[in-house]
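The values are calculated or read from the model by the stated rules, or taken from the named source; none is laboratory data. All figures in this text were calculated on a predicted structure; none of them were measured in a lab. Counting neighbours? That spans all protein chains shown, and the Cβs are built from the backbone with ideal geometry, glycine included. These area figures cover heavy atoms from the full protein model, side chains too; ligands, DNA and RNA do not enter into them. Shrake-Rupley method; radii C 1.70, N 1.55, O 1.52, S 1.80 Å.
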Amino acid sequence: MTAVETEPATSGTRPRRLRGRLPTLLAAGLFFFGPALAFALGDRAVEIENRRLPEFPSLSEGWDLIPKAESWAVAHLPLRQYAIRGNAALSEGVFGQLPSYNTGRKPTYPRAIEGRNGWLYFGDDVIEACGPRWSVAETLERTRRLAEIVRRSGRRFVLTVAPDKTTAYPDELPERFLGQGCLQRRKKEFWAALEAARPPGYMDLRGPLQRLRVETGAPTYWRTDSHWNERSCGLYGTTLAQTLDPRLARGTSLVKVGQEPRVGDLGPMLGTPREEVIDRWSLVRQGVRRTKQDDTQLPTSFSTANASSGAPLYEPRTLLVGDSFTRNSLPWITPYFADLTYLRSDAPAKAGPGYVAEKVAGSETVVFEMVERYFVGGHGEMLDDATLAAIEKALR
């Protein structure tokens, strides 16, 4: 009798238990197999941290392979950007603050810093200042070596520094943040050393940016992005043109063409994209038209040629080496040149020192821009020994 009564109860419980566990099993399946399914359906990791996705480490790196491989796997995980946004929303909803993410360095500095009045700052400003590769003196000495190598060959050399946003707008930084002390000390040391060194061909951008801010009363950097805005891109272009040849100002104007919403690069790093309304600017150079564009070597470099029936052009073959500040400013720079080649400043790591040396050898004028944080942290592939040696050999 007991067996007869028990069996139906047991068999009837199993479906109910299975139904009760089904949501848990589905959640577990999505957690473990969701990224793989997304990958199979075509989803790929995206650059959400203002830097390139890391490459898989070499087997020759020994025990360092393990943490680097882990970082590579995390960065390339499909659906990662949605997980970051969800984590940020949960953290703000439960704890009232954005989450802190591990940068992979000790101590752990934030990837982005939330300042006052909606201003955001790039955490790499702090990371480079607090964990430098070279001293400020050595970085400036390597810069001087690059300038002398180029100038000894009879070529013209122009050097400029894109100021960090933390330098241009320190008043909007939070009252306290991790790395605040070494950031301030290192920046002060760098600008004092730069002024004392007076590197050959140096073109100042910090002063013009400060004057533009005072004269217009408008920001020179975006609140939600790590870069300067379009008006400052135009200032970079005109300052470079005046440095190379003051006559290039003829037939040239910078025109405001409207406004539009824009999402900066720093909000996604915190998992919460931020939108702001920006001013749009256009560079007008009368009679200038593009006659040639060679994109076959993108994303490392490209070349462009212009002709003009009106505004004058800078005729010497020019190599423009720069990071994301220059890359974002190209529409406000290229129309000044008859023959311009743009080269990413990380090209030595991507294409090799010989590739860079060949580009320098094919030019008559070399313009080198690097953001302040890389001078402060000694993080310049263009200043590595192998790159300097390759350029010197090519120009000898």
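Numerical summary
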read-out	value
Exposure ranking of K188, K359, K292 by accessible area [1.4 Å probe, largest first]	K188, K292, K359
Spacing of the two label points (7 Å from each Cα toward its C-beta) at A349 and R176, in nm	3.4 nm
Protein-only accessible surface order, largest first, of V255, V150 at 1.4 Å	V255, V150
With every protein chain in place, region 218-348: carbon and sulfur % of accessible area (1.4 Å)	48 percent
Accessible area expressed per residue, region 135-209, with surrounding protein chains retained (probe 1.4 Å, Å²)	46 Å²
M382 accessible area, 1.4 Å probe, all protein chains in place, Å² to nearest 10	10 Å²
Nearest-0.05 FRET efficiency for T216 and L395, computed from C-beta distance (R0 56 Å)	0.85
Within-12-Å neighbourhood charge of L209 [Cβ basis; K, R +1; D, E -1]	+1
Note, ³J(HN,Hα) from phi for region 360-376, Karplus 6.51, -1.76, 1.60, rounded to Hz, x at Gly and Pro	5, 5, x, 10, 10, 10, 10, 10, 10, 10, 9, 5, 3, 4, 7, 5, 5
Accessible area in square angstrom per residue, region 267-334, 1.4 angstrom probe	46 Å²
Sparse-neighbourhood loop sites, GluC sites (Glu not before Pro) in region 126-183 - DSSP loop, at most 14 other Cβ within 10 angstrom	E175
Region 102-182: relative contact order as a whole-number percent, Cα under 8 Å and 6+ apart	38 percent
FRET efficiency, 1/(1 + (r/R0)^6) with R0 45 Å, evaluated for T296 and T108 via beta carbons	0.60
Gain upon complete extension [E364, R156; 0.36 nm per residue less C-alpha separation]	74.2 nm
Above-threshold pairs, the threshold being 22 Å between Cα atoms, out of K187/K393; K359/K393; K350/K393	K187/K393
Per-residue HN-Hα couplings for region 244-256 [Karplus 6.51, -1.76, 1.60; θ = phi - 60°; Hz; x = Gly/Pro]	6, 6, x, 5, 5, 6, 5, x, 10, 8, 10, 10, 7
For F157, distant residues with modelled amide H under 5 Å away	V366
Zone residues, region 275-299, relative to R327, backbone N less than 11 Å from point 7 Å out along Cα-to-Cβ	299
